Amino acid sequence: MARDDVKTGYKLIGTRPNRPDGLDKVTGRARYGADFSLPGMLHAAVVRSPHAHARIVKIDASKALALDGVKAVVTRADLPTGLTGEDLNLQDNTLAGEKALYDGHAVAAVAATSALLAQDAARLIEVTYEVLPHVTDVDAAMAPGAPVIREGVADYSVPEGMHGNVARYMEFGHGDVEAGFAAADIVRAHTYKTEATHQGYIEPHAAVGQLGEDGRGEMWVCTQGHWYIRRMSAAVLGIEAANLRVTPSEIGGGFGGKTTIFMEPLTLALSKKAGGRPVKLVMSRSEVLRATGPTASASMDVKIGMKKDGTITAGQVYFRMQGGAFPGMSPIGEALPCAFACYDIPALKHEAVEVIANRPKAAAYRAPGSPMAAFAVESMVDEMCRELKLDPIEVRLKNGATNGSKSSYGPVYTMIGLKETLEAAKAHPNYKVALGPNQGRGVASGFWFNHGGETSVTLAVGEDGTATVMIGTPDIGGSRASIGLMVAETLGIPYENVRVNVVETGALGVNEPTHGSRATFASGKAAVEAARQAMAEMCRRAAADWGIDADAVEWKDGAAHPAGPNAGKFPPMSIGEIGGKMGSTGGPISGHHEVTAGGYGASFGTHVVDVEVDPETGRTTVLRYLVVQDAGTAIHPAYVEGQYQGGAAQGIGWALNEEYVYGADGRLQNPIFLDYRIPVASDLPMIDTVIVEVPNPGHPYGVRGVGETGITPPLPAIAAAIAGATGARIRSLPCTPPKVLAAIKANRA
Amino acid sequence: MSKIHVTTTVNGDTVEFLAEPRETLLDALRNQLDLTGTKEGCGTGDCGACSVTVDGTLVCSCLMLAAEANGKRVETIEGMAKEELHPLQRKFIEHAALQCGFCTPGILVAAKALLERNPDPTDTEVRYWLAGNLCRCTGYDKIIRAVQDAAAEMRQEHRGAA
Amino acid sequence: MRYHTPTSFSDAAKIAAGTSGTMRFLAGGTDVLVQMRAGMVQPDDLIDLKHIPGVDRIEPTPEGGWRIGIAVPGIVMGGHAALVADWPGVVEGMNLVGSTQVQGRATLAGNLCNGSPAADSVPGLIAAGATVTVTGPNGSRDIPVEQVPAGPGRTHLAKGEVISAVTLPPRGKNGGDCYLRFIPRTEMDIAVVGCAVNLRLEGDRIVEARVALGAVAPTVLLSEACAKTIIGTTLDDAALAALAKAAEGAAKPISDKRGTKEFRIDVAGVLARRAAKIAYDRAKGLKA
């Protein structure tokens, strides 16, 4: 969707070259978290609580320590005291203090000369528990009589009289909601629920840590953000950030789940106790599912008023979210603003509470909060469209946010592409395919804020005119290729002449993780600025050589040129020539840029899905799937499509089969991939994509983050398609066959 | 605990090592032979990241003891490229069929085993063959396309050679 | 852990009988290794049966049936055209166990001895009237497959006893079998409900039938009540409805993380009906 106000005609941007890390990744050479080893390295294992809520009475490690080859055991008693706030929460989650707060909560860790031996030793550590009453469901956790699982979690925002498990409260809105409902032809209200899901990255968490007596250490770790690992680990262990050097490995998926610490500080604590020997700790899959950071579960009330022509007059939501046993982790602060972000509605009221429960400490998961909010609001909109027999795309076009709309959460949208995605979806052949028996079509839109954040990038020109770029955002889905393209485009040199490296914490200023769909946007923006700085310096070198004013030199096609006829007649001086003699013309040439990047530009998408439901078993088959999303500018379109397809697949999993299943005993019942059912290859059709490009004015090449939005629409779109196929509406995810079959039978009765 | 002496062929090379009886082939490949291209994603045979072939049969190396590999012929991702990349490896890069790349070695080993049995599979056959190889990044779309493109190229080469 | 590699079943049985701690037999290993990895089982003795001659072979019996070695993996069964032609339902049950990779290792005997009521290969074997040879310290005996499972994770085999072969009876004329399971995904799940139907026709009429249901009771059920509803019929709509009702009645499931009791009862009826139709078509020689 080309626009006149956009600079086009790029040489490299928009092409699909091979990614720089591709060869390593298809040959098995790429080194992920568990692939690092060091001389003298020990292996660790963690003892975890089998109880959802229990007082830790006694930990006896004597039998473990008596084993030949066991070198160290750490418990909470080995960690510093006196931490407060989120640092204390992180420490409490790293190793339980007085109480274990969820099934899988770490209680002790042991290091030994082999991984098998460490696991044997862990089994020999005897922990005496006093089991306490527990609660795992979001609504149950705030019901009268629910056990208060931690005292004093409520912050200033929580109104008097709420249950002791309520940790936060928020509300906002605009307009007169009651007047809006009064003006509507129909007003509908329902409660929607979503279960907790896990990011499901295939690489389990892994780290090698080394910490000496002097408090200096190193860590090699798979993470989305090594400065976060450094800050959090240092806080938990009471060491100085500068004394901990953290190097990120290649990362086997994160989706938000690797933006914080879980077991990483244990490698350092064990190393210190074992005389500074490096310690490797690799989580098992069941540890990942039980004890890392799944997303929140949610219970959401939605009320919407609509006129017969589809005009939405008012909307109201009340969300309850549970993000585990620690406050601050449920994404109410994101879910509420996302709820109506796709709409321009005159009157809105938002309200939410965060509740704690005996579950693992939630972490970010792709567009945190937005999928749940979309499931509630987009499902409600779809229900009303069906009731009024209105086309769901037309209703969204009628009420959709556009340039100049004041967003549901405050700021005015400047340049957004929601309506362009709706128009493209409407025009797509998938929207016109005739449906057969037991088939249905669902449509939903989705939103993510996108993110900029703390970013620091350095670019160095080589003696041969190539460029090395140092970035601090780990590359999960091809961002090194995209950043390389932008730098090569800017410098006017071949893509192959740019190497982008993700560097360790000692090499750059602080970088936030690769999260919030920021890596290609923010590191890319900073890399372009760094390249421009280097270009300016190279122009100065050429000017000095030519004896003209630096202002009279311009950079194009990889070389300094005299800027116009008045500047003098000199042959262009290429980046190779300038680089080759930089030692004698003023020294090394580099560019550096650091910023808390703004201007990230909101992201919108619209999905269309067709399903077929087996009316006798309630089983849903996805027949075809379309993702339309605004990328701003697609730097490397193949990896933009990849983000769309991957997000959709995760959303489909969330909608159909993925869920945390807790037993009456508070234990997680499905902590393996056999029963935590992420989509397999045979579950999915090809996922069609349309890249809409409404360039983001906040980025030199118009980039918007593309990673998150894609997971949002599938939840409501699938439920809508099932409703279309069966007449039965599922308001509680996932849409498992037993649930769908029960709804079909209830609908028939 | 007495260890077992294991002699096996890995990617054409004869190797010997001492395995703990309960040590898996996956652990031996990674920890004893430094072949860390084979990944552990689950340890329970549900993700396929540890796929290798043993005497030509595709297996999960996490579900096999190292001792069971004695006298066998093991092929891992590290042995896939000969003088140049295998067409599957090349097509995976060209089609952007990997994002994080963690599942990629297992998928490549599995896809190679498929194309050796069935050089012209349907999309559905590729999807079911690879159902035990979880990928969380791509939604499988580009993986299926890359496998099919590689298969087409290999058929072409085969015809050319015949 | 001690790792044993006996070269005969009598040796395997002797080693097993002489163990004092936790003992496991190892065929494909796709259950045992998972349990070891999860820390659920830490065997003191592991007896690998794959060094016993003949365990990797599929052979016709003199009677016209098939004898399947206990280390024959699913992928080999699936590639054995004559076996597939005779017992497609048995083979498709085995081929539904796990992924392609798991198929490279997993075996009928292992799936049976794991004792899961949801084991995909077991209903097909029971419906087929398969037997297993059990070798113990005092010799061998043959028993029907349905006499092996005792409940989730348990079998009726005594200490020192090991399954040394699986035998399928002669297919006979005009027979057909089928196994269907219900799972939420398309692959990689444990059966929520499974159903195998084996039948034989004279003309259009069913003269023999066996129906087995999986994952609806502590062990795989062989339901005579189900079989009766279709024997003597041409599998018309009334017979199919009666079969579905009988399957619903036979199912005694629990609610768990994989499905509710009500759902399992409903789906048992649906699968019985669908499996019977396919088995009938196969018996008629129609491709299905």
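Details
- In the condition set (1) within 26 Å of residue C:50 (Cβ to Cβ); (2) of a type outside the set (Gly, Ala, Ser); (3) facing chain A (nearest Cβ under 7 Å), residue B:75 is compliant with all but (3).
- Pairs are defined by a Cβ separation below 7 Å, a sequence spacing of at least 6 or placement on different chains, a first member in the stretch C:226-239 that is in contact (Cβ under 8 Å) with a residue 24 or more places away in the chain, and a second member that is in a helix (DSSP H, G or I) and of a type in the set (D, E, K, R); the pairs so defined are C:235/C:277.
- Test: residue A:561 is at negative phi, of a type outside the set (Asp, Glu) and buried (at least 24 other Cβ atoms within 10 Å of the Cβ): no
- Of the numbered criteria (1) touching a Leu at 6+ places or on another chain (Cβ under 6 Å); (2) of a type outside the set (S, T, N, Q); (3) farther than 29 Å from residue C:151 by Cβ, the one residue C:205 fails is (1).
- Residue that is nearest to residue B:2 (Cα to Cα), among those in the stretch B:21-64 that are without any contact (Cβ under 8 Å) to a residue 12 or more places away in the chain and either more than 7 Å from every other protein chain (Cβ to nearest Cβ) or over 14 Å from the mean Cα position of the chain (by Cα) (or both): B:31
- Scan of the stretch C:6-27 for residues that are surrounded by 15 or more Cβ atoms within 10 Å (Cβ to Cβ) and of a type in the set (Val, Ile, Thr), ordered by number: C:15, C:19
- Candidate set: the stretch C:28-40, residues that are facing another protein chain (nearest Cβ under 8 Å) and either out of contact with any strand residue (DSSP E or B) (no Cβ under 9 Å at 6 or more places or on another chain) or on the phi > 0 side of the Ramachandran plot (or both); chosen: the one surrounded by the fewest Cβ atoms within 10 Å (Cβ to Cβ): C:39
- Residue A:71 within 12 Å of chain B (Cβ to nearest Cβ) and either crowded, with 20+ Cβ neighbours inside 10 Å or in contact (Cβ under 8 Å) with a residue 40 or more places away in the chain (or both): no
- Within the stretch C:153-166, tally of residues that are surrounded by 19 or more Cβ atoms within 10 Å (Cβ to Cβ), part of a strand (DSSP E or B) and not aliphatic (A, V, I, L, M): 1
- Applying a threshold of 8 Å to beta carbon distances and a minimum spacing of six or more residues, or different chains, the list of pairs starting in the stretch A:281-295 at a residue that is more than 9 Å from every other protein chain (Cβ to nearest Cβ) and more than 17 Å from residue A:43 (Cβ to Cβ) and ending at one that is of a type in the set (Asp, Glu) and buried (at least 22 other Cβ atoms within 10 Å of the Cβ) reads A:290/A:103.
- For the stretch B:116-135, the criterion of being of a type in the set (Ser, Thr, Tyr), without any contact (Cβ under 8 Å) to a residue 24 or more places away in the chain and touching a strand residue (DSSP E or B) at 6+ places or on another chain (Cβ under 9 Å) is met by none of the residues.
- A count restricted to the stretch A:85-141 and to residues that are of a type outside the set (A, V, I, L, M, F, W, C), farther than 23 Å from residue A:261 by Cα and assigned to a helix (DSSP H, G or I) stands at 3.
For (1) under 22 Å from the mean Cα position of the chain (by Cα); (2) at pLDDT 95 or above; (3) surrounded by fewer than 24 Cβ atoms within 10 Å (Cβ to Cβ), each residue gets a yes or a no:
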residue	(1), (2), (3)
A:674	no, yes, yes
A:680	yes, yes, no
A:688	no, yes, yes
A:698	yes, yes, yes
A:711	yes, yes, no
A:715	yes, yes, no
A:719	no, yes, no
A:748	no, no, yes
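- Within the stretch A:430-527, strands (runs of 3 or more DSSP E) holding 3 or more residues that are more than 30 Å from residue A:720 (Cα to Cα) and not basic (Lys, Arg): A:453-461, A:467-471, A:498-502
- Test result for residue C:190, under 15 Å from the mean Cα position of the chain (by Cα) and either modelled with pLDDT under 95 or part of a loop (DSSP other than H, G, I, E, B) (or both): yes
- All positions within the stretch B:90-109 that are at the interface with another protein chain (Cβ under 7 Å from one of its Cβ atoms) and crowded, with 24+ Cβ neighbours inside 10 Å: B:92, B:96, B:98, B:99, B:100, B:101, B:102, B:103, B:104, B:105, B:108
- Per the conditions (1) farther than 22 Å from residue A:20 by Cβ; (2) more than 16 Å from the chain's Cα centre (by Cα); (3) within 11 Å of another protein chain (Cβ to nearest Cβ); (4) not in a helix (DSSP H, G or I), the sole criterion not satisfied by residue B:119 is (3).
- Here residue B:126 does not qualify as within 28 Å of residue A:224 (Cβ to Cβ), within 13 Å of chain C (Cβ to nearest Cβ) and of a type in the set (A, V, I, L, M, F, W, C).
- Checking the stated criteria, residue A:334 turns out not to satisfy the condition of being at pLDDT 95 or above and in a strand (DSSP E or B).
- Among (1) surrounded by 24 or more Cβ atoms within 10 Å (Cβ to Cβ); (2) basic (Lys, Arg); (3) out of contact with any strand residue (DSSP E or B) (no Cβ under 6 Å at 6 or more places or on another chain), the one test that residue A:704 misses: (3)
- Given (1) touching a Pro at 6+ places or on another chain (Cβ under 9 Å); (2) facing another protein chain (nearest Cβ under 10 Å), number of the condition residue C:256 does not satisfy: (1)
- Within the stretch C:59-152, strands (runs of 3 or more DSSP E) holding 1 or more residues that are surrounded by fewer than 20 Cβ atoms within 10 Å (Cβ to Cβ) and aliphatic (A, V, I, L, M): C:139-144, C:149-151
- Scanning the stretch A:641-671 for residues that are out of contact with any Gly (no Cβ under 9 Å at 6 or more places or on another chain) and either at the interface with chain B (Cβ under 10 Å from one of its Cβ atoms) or more than 25 Å from residue C:258 (Cα to Cα) (or both) yields one hit, A:641.
- Filter result (under 30 Å from residue A:650 (Cα atoms), more than 14 Å from chain B (Cβ to nearest Cβ) and in contact with a helix residue (DSSP H, G or I) (Cβ under 7 Å, 6 or more places away or on another chain)) within the stretch A:195-230: A:207, A:221, A:229, A:230
The values are calculated or read from the model by the stated rules, or taken from the named source; none is laboratory data. Everything numeric here is computed off the predicted structure, so don't read it as measured data. Don't worry about glycine lacking a Cβ; one is built from the backbone with ideal geometry, like all the others, and counts go over all protein chains shown.
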